[in-house]
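Any read-out appearing in this document is the output of simple, stated calculations on the displayed coordinates, not a laboratory observation. Remember, it's a predicted structure, so these values are computed and weren't measured experimentally. With ideal geometry, Cβ positions are generated from the backbone for all residues, glycine too; neighbour counts draw on all protein chains shown.
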Amino acid sequence: MASDALPRVVRTRAELRTALASAARPIGLVPTMGALHEGHASLIRRARAENATVLVTIFVNPRQFNDPSDFEKYPRDEATDVRLAGTAGADIVFIPTVDEAYPAGFQTTVRVGALTEPLEGAVRPGHFEGVTTIVAILLGLAGAERAYFGQKDAQQLLVVRRMAGDLGIATEIVACPILREPDGLAMSSRNVRLTPEQRAAAPVLRRALLAARAGYDAGERDGEALRTAMRNVLASEPLAEPEYVSCADTATLRELAHVDGPALLSMAVRFGPVRLIDNEPLA
Ligand code: PAF
């Protein structure tokens, strides 16, 4: 149940271990990089509903930022995050330093194969190695029954599932739906960095996805035609600089010439220095 009580904040691996030793099971883990918004709150609420203990982690993970200025400018507000996590139902919030997350002598990298190569992997070298390494650490430290990830980062979700399966990690990886602003913009910690003009332009991602979805619903099955439908809508917005537009197989993320099974429409679009992603599954 959500409450106004502040959750217990722990900062070291040892403190986390102690806090979890006496925690009621099952444990639900919600890994985050902070700058929590309603999308994160929905993950935490879901974890609250399904588990006896909810652990939220807040760590802006330097290893997953291929762009140092994106890392520096990533919004950080610990006090607000801890309050929001508590209100949504967190019992424990783990906020490690970089040295605590990656202790002295750290030399392990977790790398998933082909699934990390297209889309985000192609434009953000090293990103997924950073993600899978920190997620493996957090899953190991938490020993949770369930871990909650948002579907907005659809490739991340697939990659984390693959990693957990491959490594025999028992934690169930739970996918949670995208939360949107009333104008369709997917909630993201990066939205606060948009200028008012960029913010007004940003719902073009959703419009582009919905244009392709409408084409699909009307019977279009040509992958390139669906990608073109998205590109055309994005081209109508001068502030939008598309990085990639994709219509790919949901399981492999390979681009499709023809859609004859589950597919994922996805895109990354820059508005100045701010990079937004969004997606829409086609079943
Ligand atoms: O999705 C995120 O916020 C991050 O990639 C995650 C899963 C917390 C790992 O740093």
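General remarks:
- Charge dipole (the chain, unit charges on Cβ, about Cα centre) - positive-most of Ala212, Gly86, Pro182: Gly86
- Residue order, fewest to most surrounding Cβ atoms within 10 angstrom, among Phe94, Phe71, Phe59: Phe71, Phe59, Phe94
- Ranking of Thr250, Thr18 by neighbouring Cβ atoms within 10 Å, starting from the fewest: Thr18, Thr250.
- Computed about the Cα centre, the dipole magnitude for segment 124-254 is approximately 120 debye when only Lys and Arg (+1) and Asp and Glu (-1) carry charge, each at its Cβ.
- Degrees separating the helix 78-88 axis from the principal Cα axis of the chain, which is the longest one: 90
- Dipole moment magnitude, nearest 20 debye, the chain about Cα centre, only Lys, Arg, Asp, Glu C-beta charged: 500
- Gaussian network model of the chain, springs between alpha carbon atoms under 10 Å - residue of Leu141, Leu256, Leu167 with greatest fluctuation: Leu167
- Candidates Gly272, Gly39, Gly143, ranked by Gaussian network fluctuation over the chain, Cα under 10 Å, top entry: Gly272
- Spacing of the two label points (7 Å from each Cα toward its C-beta) at Arg221 and Ala24, in nm: 5.2
- Cα long-axis angle, helix 204-217 against the chain (0 to 90 degrees, to the nearest 10): 60
- Angle between the chain longest axis and helix 154-166 axis [Cα atoms, degrees, rounded to 10]: 50
- The chain: calculated mean residue ellipticity at 222 nm from DSSP helix runs of at least 4, using -39500 (n - 2.57): -11500 deg cm²/dmol
- Highest-fluctuation residue, Pro125, Pro238, Pro26 considered, GNM on the chain with Cα pairs under 10 Å: Pro238
- P(r) tail for the chain: Cα pairs beyond 35 Å make up 18% of the total.
- Amide H partners (placed H, <5 Å) of Leu282, local residues excluded: Ala263, Leu264, Leu265
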